[in-house]
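Visitor: The structure's right below; bear with me while I get my questions together.
Quick note: the coordinates plus some simple rules give every number you see, no bench work behind them. Every value quoted in this text rests on a predicted model; they were computed, and no experiment measured them. Please note: Cβ atoms are built from the backbone with ideal geometry, for glycine as well, and neighbour counts cover all protein chains shown.
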Amino acid sequence: MRHFIFSLLLIFSSLSAYSQEAFPFLNKSNQLPEDLLKRRAVVFMNVNSLEWDKEAQKIHNSFIEIGVDAVAYYALSDIMSGEDATTAFYSDITQRSIENMLIIHQTNSGFELYATKIPPEGGFFQKNMQAFFLDAKSLEKLGADLQIRVNKSDLERENFLIIDVPETFKRTNVIKSRRVASFNPDIRIDKLAVPKFTDNIMLDMDIDKANAELDSIMKQHYPFKFGLIDPDMTTEEMISQGYLMVLKKLQNNGESLRRMLGYDLSERETLLISVRKGKNERVMKYRIGEHVHKYYVQQLYTKDIYLGNTWDAGKTWQEALINHIENLKAQLER
């Protein structure tokens, strides 16, 4: 399961809000979840706007009428930003006894709705999941069509006390352990685990080529001990093989990524400045809504997160990785 979820992160992080076949791992069905009107649901919004909470209100009004107890709304890009994000959100959501999940996805011609159960074994998505599917040209029409389908079904309604305003989670910090805005000097002597990219039929990339490039970048830029590992490897297994730190990455639009990692963000901020220090110093500017990648390091024993001492995200994983390594070297060489 973890192997599959890790691979899915690359799909969702680069998922266009206008992709026509966005969820190839979901088997579309005409069957509504049998407890849709009895149990709590979470809604993942995948629309072409950073102000997705306004779109959430439109569909939530329909859910109130229908009897869908949508108790929490998240941006899908946040949920699938990276392994740490997926794990943190899954824990937060399932601890609230939420059993159903719905996806609202914007396409070129309108909106799609998917409704299914949250897998109890961990993670939100699995191969060949059955999901109720409905599409329409607007969110209002989508809600109206869903109500018609529900009225024609034999679903029994038990959800009557539904909140009027959708509860949106836009300020969730995925770091649950100690956050350090610097580099760990022990990385000079501690071996770093670097998770490889993993093969998956849904990934439109050459996995072997990507891993060869990952290895090449690490060898060219990283001066300390490291090893490429299978992303399924547990913390205990990494430690047993001599690793004390692991390289991690999140990817999302810049605005979401910064708040997820606990950075301050001004409401008026429209550009993000990334810095690469060292011999080939560079300054990069990105619009706050652009998709970027950000690397960081976790200490395996303490679980402390080391983000680095400057914002160093990049538009590609290669750029972000080089930025982070060069900044690390520049800091530790002082």
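Visitor: If we count every other residue with Cβ under 13 angstrom of GLU281's Cβ, Lys/Arg +1 and Asp/Glu -1, where does the sum land?
Guide: On the way: positive: ARG276, LYS277, LYS279, ARG282, LYS329; negative: ASP312, GLU326.
That works out to +3.
Visitor: Right, next: So in the range 179-332, what percent of DSSP beta bridges are antiparallel if you round to the nearest 5? Can you show the working numbers first?
Guide: Values: 18 of 27 bridges.
Among the beta bridges of the range 179-332, antiparallel pairing accounts for roughly 65 percent.
Visitor: Check cross-link reach from LYS28 to the lysines: straight Cα distance under 26 Å, and skip same-chain residues fewer than eight apart.
Guide: Answer for LYS28, where 26 Å is the Cα cut-off: LYS38, LYS58, LYS117, LYS127, LYS137, LYS141, LYS152, listed by chain and number.
Visitor: Moving to a separate point now. Within the set of other residues whose C-beta is less than 15 Å from the C-beta of ASP69, count the net charge using Lys and Arg as +1 and Asp and Glu as -1.
Guide: On the way: positive: LYS38, ARG39, ARG40, ARG96, LYS117, ARG157; negative: GLU34, ASP35, GLU65, GLU99, GLU156, GLU158, ASP164, GLU167.
Result for the local shell: -2.
Visitor: Considering only the other residues whose Cβ falls under 13 Å of the Cβ of MET129, what net charge follows from Lys and Arg at +1 and Asp and Glu at -1?
Guide: Details: positive: LYS28, LYS117, LYS127; negative: GLU121.
Taking every Cβ under 13 Å from that of MET129, the sum is +2.
Visitor: With both bridge residues required to lie in the chain, what share of the DSSP beta bridges run antiparallel, to the nearest 5%? Each step should come with its number before you reach the end.
Guide: Values: 30 of 56 bridges.
If I count the DSSP bridges inside the chain, around 55 percent turn out antiparallel.
Visitor: Report Rg (one decimal) and Dmax (nearest whole number) for the range 2-152, counting Cα atoms only, units Å.
Guide: 14.2, 41
Visitor: Measure nothing fancy, just the Cα-based angle from helix 83-94's long axis to the longest principal axis of the chain, in degrees from 0 to 90, nearest 10.
Guide: Approximately 30 degrees, to the nearest 10.
Visitor: Kindly provide the pair-distance distribution of the chain built from C-alpha pairs, with 20 Å bins from 0 and whole-percent values in order of increasing distance.
Guide: 30, 54, 16, 0
Visitor: Cα to Cα, under 25 Å, and not fewer than 8 places away if on the same chain: which lysines meet these conditions relative to LYS219?
Guide: LYS219 reaches LYS191, LYS196, LYS209, LYS248, LYS249, LYS277, LYS279, LYS294, LYS315, LYS329.
Visitor: How compact is the range 186-286 by the rule of thumb for globular proteins, expressed as Cα Rg over 2.2 N^0.38 Å? Intermediate values should be presented prior to the final figure.
Guide: On the way: Rg = 16.6 Å, N = 101, 2.2 N^0.38 = 12.7 Å.
Taking N as the residue count of the range 186-286, the ratio is 1.31.
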